[in-house]
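Nothing in this text is a laboratory measurement; each read-out follows from the coordinates by a stated rule. Note that this is a predicted model, so its numbers are computed, not measured. Cβ coordinates were reconstructed from backbone atoms using ideal geometry, including for glycine residues, and neighbour counts include every protein chain displayed.
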Amino acid sequence: MNLELNQHIWSQFETFPTNDRVIFLGASNLSRSFPTAVSIARATLRAPLSIHVAMGPGRSYGNESGFLRKKFPKIFSCGVWQSLRQENVDRTVAFVTDVGNDLGYEVPVETILDWVTTCVDQLQIYHAKVVITALPIAVLERLSQVKFRVLRGLLFPTCRLTQTDLLDRAHQLNSGLEELTKSKNTSIFTVPIAWYGFDPIHPHMRHMTQFWRELFTLVGCSGIVSIRSRNSLILNSYLRCLTPPNSRCASSNEEHPIKRIQLFDGTRISLY
């Protein structure tokens, strides 16, 4: 049965040339739309691709974080940065998403901006074209107090910030991200308010194809063909269940655990 993927060891990866490289950084929005992101990457860039992913529900840019029984390392110092140094590719594009997640952990705005700046600086060492997603301020502003408290308890149960405090920090973070994109010559994307429903953090899944189309366009990738044939249903199902390695289960001598797969077109996916 053709599942569009093979399990390979890293030594086999190293001998397979790649053309373009894609780096995805984020938390739950990236995780839930990852099959779509991979599909559009395969439709717009030259295969075989090298795809590096640091994602996971509740993922933090600068702190260890977890979801249920899984534990994720901080993004800005995970194994992705070491892996990038080992590759020689023609083009690199990168997407820095879910930046506002750390506000729910009560991380100061200045600290979050430092973490994101560190990531962008690392990406630009490899001449990456970078897009950052902004926080959905307009969506957060229309929340009622009751809805805010319910969602805060569900999504960030340890957070004690008031709605006013969180909005103030969100405005500060967005302003800082806009300044960052200007100083680093990167792009920023704000999700349209119409793409959200009850959940003020996660856009409707029906809009995620357009979401990733917009992001890839901002890094100069256009001419998208139909993505229906890019990923099979089996591959989409597999990618939907794919998660980074659990740091909690990593061996003591494994500083940066990595999970790797390779598709039949030679595209390789590494998760950190």
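Within a straight-line Cα-Cα reach of under 29 Å, K184 can be paired with the following lysines, leaving aside sequence neighbours fewer than 8 residues apart in one chain: K74, K129. Calculated mean residue ellipticity at 222 nm for the chain: -11000 deg cm²/dmol, from DSSP H runs with n ≥ 4 weighted as -39500 (n - 2.57), summed, divided by the residue count and rounded to 500. Per-residue Cβ neighbour counts within 10 Å put M55, M205 in the sequence M205, M55, beginning with the fewest. Counting beta carbons within 10 Å around each of V146, V130 and listing the fewest first gives the order V146, V130. For the chain, the membrane-span-like helix rule (DSSP H, alpha carbon extent of at least 30 Å along the helix axis, mean Kyte-Doolittle at least 0.5) picks out no helix; this says nothing about an actual membrane. Note on V89/K182: beta-carbon distance plugged into 1/(1 + (r/R0)^6) with R0 of 22 Å gives a FRET efficiency of 0.25. A straight Cα-to-Cα reach below 25 Å connects K71 with the lysines K259, residues fewer than 8 places away in its own chain not being considered. Of the peptides 90-97, 197-204, the ranking by mean beta-carbon count within 10 Å, highest at the top, reads 90-97, 197-204.
Is any residue of the range 79-119 close enough, with backbone N under 11 Å, to a label point placed 7 angstrom from the Cα of Q172 along the Cα-Cβ axis, and if so, which? In the range 79-119, the label zone of Q172 (backbone N under 11 Å from the point 7 Å along Cα→Cβ) covers 107-113.
Our estimate of slack between L154 and N63, defined as 0.36 nm per intervening residue step minus the Cα-Cα distance, is 30.8 nm. On a C-alpha basis, how far is the centre of the range 136-162 from the centre of the range 164-190 in Å? Whole number, if you could? When both Cα centres are located, 19 Å separates them.
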